[in-house]
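Report on one structure; see the data block that follows.
The values are calculated or read from the model by the stated rules, or taken from the named source; none is laboratory data. Note that this is a predicted model, so its numbers are computed, not measured. So basically every Cβ, Gly included, is an ideal-geometry build from the backbone, and we count neighbours across all protein chains shown.
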Amino acid sequence: MLSDRLSENAPASTHGGATRALAAWSLGGFVVLGLPDGMLGTAWPSMRHTFHQPLSSLGQILLCGLVGNLSTSVKTGALLRRFGVGKLLVFAGLIAAAGAASIAFAPLWFMVLIGSALLGAAAGLLDTGLNTVVALSGRLRLLNLLHGAYGVGSALGPLVITVAILWTSFRPAYVLLIGLELLLAYGWWRTGSHWLPKATDPDDDAVDVVDAVDVPGPAVELDRPHIKLLIALGVLVFFFYTGLEVTGGVWAASFFRGPLGLSAAAAGPAVFVYWGSLTLARFAIAIPKQLPNPATLVRVGCAGGLFAALLIWWAPSVPVVIIAFAVMGATLAPVFPSLVTLTPVRIGSERAQHAIGWQIAAANVGAAGISGVVGIILSHAGLKALGPALLVIAVALVLCNAVLEVLSRSTAGTQS
C-alpha cells in the first residue's frame, strides 16, 4: 500500500513527534486550502465590477480552476509514488502562491483566470495527496479534522474579503494568501522527510475502517463490471455532493445581496454562517471517542441538503434563509470525509489509491461545473432561481447515493 511505503521513510523513534508536526501542518494546509473557496463568492460582486465582467463570468474563474485541478488531481497517485508527499506539497504551495499573486496584482481579467488555474492545480495536489495518504493510513479522525480545517478556511474567507473590501478592495486578501502559501511551502519543506508515519499507538486515531461502517466487508473480490459500476457511482456522488456544497457557498453572497437586499457588510457574516456551521459540525463529529457511522452521516447529509434547499427556495424571510444555509452546512459537513472513508471498504484499499484521485477530480468538476452552470442560469432567470437550482442538485445527490448504497450492500453480501 502507498501508506506503508511512505511510512518506511520515517524512523520509529521519530514517529510520535513527526506525526504531530505533520498533522499540524496538514490542518494548516487545509485551512489555507479553504480560504480561496470561501473568498471567491464574497469577492465576486466587487471583482466583477473591477474588471467590468457580467455576473456569469464567475463561471470562467471556476472553469479555469477546474482545468488546473484536473491536470494534477488525476495524476496525484503516480506523483506521490515518484516524488513523495513532502516534495509534492512544497510544489503545491509554490504554485498556489504564484496563483494568488496573479490575482492580487492582476491589471487585466486574463491574469485572474491564470491565477485561478494555478490555484486549482495546487489544490488538486494538496487535496488529493493528503486525502489519499491519510485515508489509506487509517487515520479517520485526522481525515475528519482535515475537512473541518478546510471549513475553517472557507468560513474565514468571506470575513477576510469583507474586511479587505471595506479597507480598499478584494486584492489585499489575496496578498495575505500569498504569504500563507509561502509559509506552508516552507513548512512542507522542513517536515517533508518524515512524511507520513503510520499510526501505531492504540490511543491514536487509526481505526479499523471496516468496523467503522455498516458494510459487510471490502469488496475486493468483485468482478470487473461491478467494480467499475461502484467506482462510477462513487464518482457521481462526489460530483453532485461538491456541486451542492460549493454552489451554495459561492452564490450565497450574491443571493443575500440581491433578492434579500443585504449590504456588503452584512452579506459577508451571513455567508460566514454557512461555512461556519460546516466547520463546527466537522470538528464536532471528530470529538467523540467512538466515531459516528460514515454511511449514516452520508444519508443525513443528503437529507439535510434536500431540506435546506427547499427552505432557501421558499425564502419567507432573511433569518429563515440564514438558518437554511446553516442547516445545509452542518448536515453536509461530514459527507466528503465519510465518502472517502467508505471508498476502501467498498472497492478495496489497492483500488482506492487510484479511485480516490478520480473521486476528488469529480468533486472538483462538480464544484466548478455545477456552480458555473448555475451561474449561467441565474444570469438569465435571476438570483431567485438559486433555491430551485440547489433543490435539483440535492435530489440528484440523494438518488445517486441511494443507488450506490444498494449496490454496495448487494455486492458485499454476495461475497460474505
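Residues that are within 24 Å of W251 (Cα to Cα) and crowded, with 22+ Cβ neighbours inside 10 Å do occur in the stretch 345-360, at least one of them. The residue list V327, V345 contains one member that is more than 23 Å from L278 (Cβ to Cβ), out of contact with any His (no Cβ under 9 Å at 6 or more places or on another chain) and of a type in the set (A, V, I, L, M), which is V345. Of the residues making up the stretch 274-290, those that are surrounded by fewer than 21 Cβ atoms within 10 Å (Cβ to Cβ) and of a type outside the set (G, A, S) are L280, F283, I287, P288, K289, Q290.
Going through the stretch 308-363 one residue at a time, which ones are without any contact (Cβ under 8 Å) to a residue 40 or more places away in the chain and assigned to a loop (DSSP other than H, G, I, E, B)? P316, S317 - these are the residues of the stretch 308-363 that are without any contact (Cβ under 8 Å) to a residue 40 or more places away in the chain and assigned to a loop (DSSP other than H, G, I, E, B).
Condition check ((1) part of a loop (DSSP other than H, G, I, E, B); (2) in contact with a Cys (Cβ under 8 Å, 6 or more places away or on another chain); (3) at pLDDT below 90) across all residues:
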| residue | (1), (2), (3) |
| --- | --- |
| E221 | yes, no, yes |
| G234 | no, no, no |
| V237 | no, yes, no |
| G243 | no, no, no |
| A252 | no, no, no |
| G261 | yes, no, yes |
| G268 | no, no, yes |
| V271 | no, no, yes |
| W275 | no, no, yes |
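Pull up the stretch 281-302, narrow it to residues that are assigned to a helix (DSSP H, G or I) and out of contact with any helix residue (DSSP H, G or I) (no Cβ under 7 Å at 6 or more places or on another chain), then point me to the one that is nearest to E245 (Cα to Cα). Across the stretch 281-302, the extreme among qualifying residues is R299. When you check A149 against the structure, is it in a helix (DSSP H, G or I) and over 15 Å from the mean Cα position of the chain (by Cα), yes or no? In short, no. Is it the case that some residue within the stretch 161-174 is touching a residue at least 12 places away in the same chain (Cβ under 8 Å) and closer than 26 Å to V340 by Cβ? Taking every residue of the stretch 161-174 in turn, none turns out to be touching a residue at least 12 places away in the same chain (Cβ under 8 Å) and closer than 26 Å to V340 by Cβ. Evaluate the following for A381: is it under 22 Å from A267 (Cα atoms) and free of Cβ contacts under 8 Å to residues at least 60 places away in the same chain? When the stated conditions are applied, A381 passes them.
Residue-level check: of (1) touching a residue at least 60 places away in the same chain (Cβ under 8 Å); (2) closer than 13 Å to P337 by Cβ; (3) out of contact with any Asp or Glu (no Cβ under 9 Å at 6 or more places or on another chain), L278 misses just (3).
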